[in-house]
Structure formats: C-alpha cells, structure tokens
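Below you'll find the structure, written out as structure tokens, and then a few comments.
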Amino acid sequence: MKTEKAKKDDLKSIVEIEKISFDHPWTEETLEESIDKTWAVKIENKIVAFIIYELIIDEIHIIHMAVHPDYRRKGIAKKMIEKALSEKAKVAFLEVRKENTPAQRLYESFGFKEISRRKKYYPDGADALVMQLVIE
Ligand SMILES: CC(C)(COP(=O)(O)OP(=O)(O)OC[C@H]1O[C@@H](n2cnc3c(N)ncnc32)[C@H](O)[C@@H]1OP(=O)(O)O)[C@@H](O)C(=O)NCCC(=O)NCCS
C-alpha cells in the first residue's frame with residue numbers, strides 16, 4: 001500500500017470511489033479542482049482510497065476522504081489521516097455530517113472533538129459537526 005500525490009490520470013478512479021461512497025457525491029469538476037490537494041492510496045497499483053487536505057499556515061484542514069467499500073475497516077482511512085497530521089501543523093479541523101457515525105468514530109479515535117455545529121451546511125440541508133484536534 002502506498003500513498004501518493006494524485007494526478008489528473010487518477011481522477012476517473014477517484015470519481016468512482018466518490019460516487020459509490022456518498023449519497024451526494026462531489027462532481028468530477030469539483031474533484032478535479034481539488035486534485036492538487038488530493039492524495040491517492042494504491043494497492044497493487046489500483047486506487048482504493050483518497051484524501052483531500054490542505055495546510056494553511058499551521059492548520060491542517062481535512063476537506064474530504066473516502067475508502068472504496070471493498071477496502072474498509074482495514075486501517076486505510078487511519079493511515080490517510082496520519083499522513084495529513086504528519087504535516088507541520090498545530091491544529092487540525094474538519095467538518096462531518098451529523099449522521100456520519102463511522103467517520104465521527106474514526107476522527108474521535110485520533111482525539112478530534114466537536115467544537116461547533118454548522119446548521120444546513122450541506123446542499124441537501126444536513127447539519128455538519130466541526131471537529132478539531134489540537135496537535136501541540
Ligand atoms: C469513514 C471511512 C473513510 C472510514 O474508512 P476505513 O478505511 O474503513 O477506516 P479505518 O479502517 O481506518 O478505521 C479506523 C477506525 O475508525 C472507526 N471506524 C471506521 N469505520 C467505522 C464504522 N463503520 N463504524 C464504526 N467505527 C468505524 C473505528 O474506530 C476504526 O477502528 P477499528 O476498525 O480498529 O475499530 C469509510 O467508511 C468511508 O469511506 N465512508 C464513506 C465516505 C465518508 O463518510 N467519508 C468521510 C467524510 S467526512
């Protein structure tokens with residue numbers, strides 16, 4: 001398993017994982033706009049997961065991530081978050097759907113805590129929890 005900066009050629013596989021992972025998937029255009037912030041996880045040269053994050057001064061913003069359903073509960077998301085947190089940051093932030101318990105459990109396992117809520121954050125009207133991890 002290796003994690004590499006995503007390239008334009010990886011977009012098709014990323015879009016497939018996105019569509020299979022979310023009821024309200026990001027569009028190909030949005031994913032393409034984010035490609036410079038995307039890292040792809042490959043197993044035997046096949047993309048099985050991706051994470052989009054950004055380092056803004058000393059803050060890590062985890063923007064989006066998904067693991068192909070066939071490869072879940074194998075620690076891949078954990079590895080991707082470790083990668084994001086290995087950047088030189090003092091604090092990490094993310095938003096997660098209020099009802100997305102698997103993702104919340106994952107983030108809590110790193111020590112992320114809910115710091116606020118954003119009402120109707122998502123286009124379908126769902127609320128987001130804002131979670132924070134203080135690194136130092
Ligand atoms: C959330 C998601 C990224 C987790 O990916 P994953 O590779 O399966 O997660 P990991 O195997 O690294 O799990 C690490 C820990 O997170 C927690 N976790 C992960 N999936 C979970 C689930 N379905 N239920 C409860 N806890 C879960 C567990 O604590 C797990 O540790 P354990 O397996 O030792 O119990 C994956 O389920 C996914 O792609 N979901 C759809 C897209 C999504 O929700 N993305 C996040 C948007 S904010």
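The values are calculated or read from the model by the stated rules, or taken from the named source; none is laboratory data. Keep in mind it's a predicted model, so treat the numbers as computed, not measured. Neighbour counts run over all protein chains shown; Cβ positions are idealised from the backbone, glycine included.
The table below lists the values:
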read-out: Hits in segment 53-81 (condition: closer than 20 Å to Lys19 by Cβ and touching an Asp or Glu at 6+ places or on another chain (Cβ under 9 Å)); value: Ile63, His64, Ala66, His68
read-out: Matching residues in segment 64-77 - criterion: being surrounded by 12 or more Cβ atoms within 10 Å (Cβ to Cβ) and either away from the ligand (no atom under 11 Å from the Cβ) or touching a residue at least 12 places away in the same chain (Cβ under 8 Å) (or both); value: His64, Met65, Ala66, Val67, His68, Tyr71, Ile76, Ala77
read-out: Segment 45-86, residues that are of a type in the set (Asp, Glu) and at pLDDT below 95; value: none
read-out: Residue that is closer than 22 Å to Glu4 by Cα and within 14 Å of the ligand (Cβ to nearest atom), where the choices are Val48, Val96; value: Val48
read-out: Residue under evaluation Lys90, criteria (1) more than 13 Å from the ligand (Cβ to nearest atom); (2) touching a residue at least 60 places away in the same chain (Cβ under 8 Å); (3) of a type in the set (D, E, K, R), criterion not met; value: (2)
read-out: Residue ID - farthest from Glu99 (Cα to Cα), chosen from residues in segment 23-46 that are of a type in the set (A, V, I, L, M) and touching a residue at least 40 places away in the same chain (Cβ under 8 Å); value: Ile43
read-out: Residues within segment 1-36 that are closer than 15 Å to His64 by Cα, acidic (Asp, Glu) and assigned to a helix (DSSP H, G or I), tallied; value: 7
read-out: Test for Arg117: is it farther than 18 Å from Val15 by Cβ and either surrounded by 14 or more Cβ atoms within 10 Å (Cβ to Cβ) or near the ligand (Cβ under 10 Å from one of its atoms) (or both); value: no
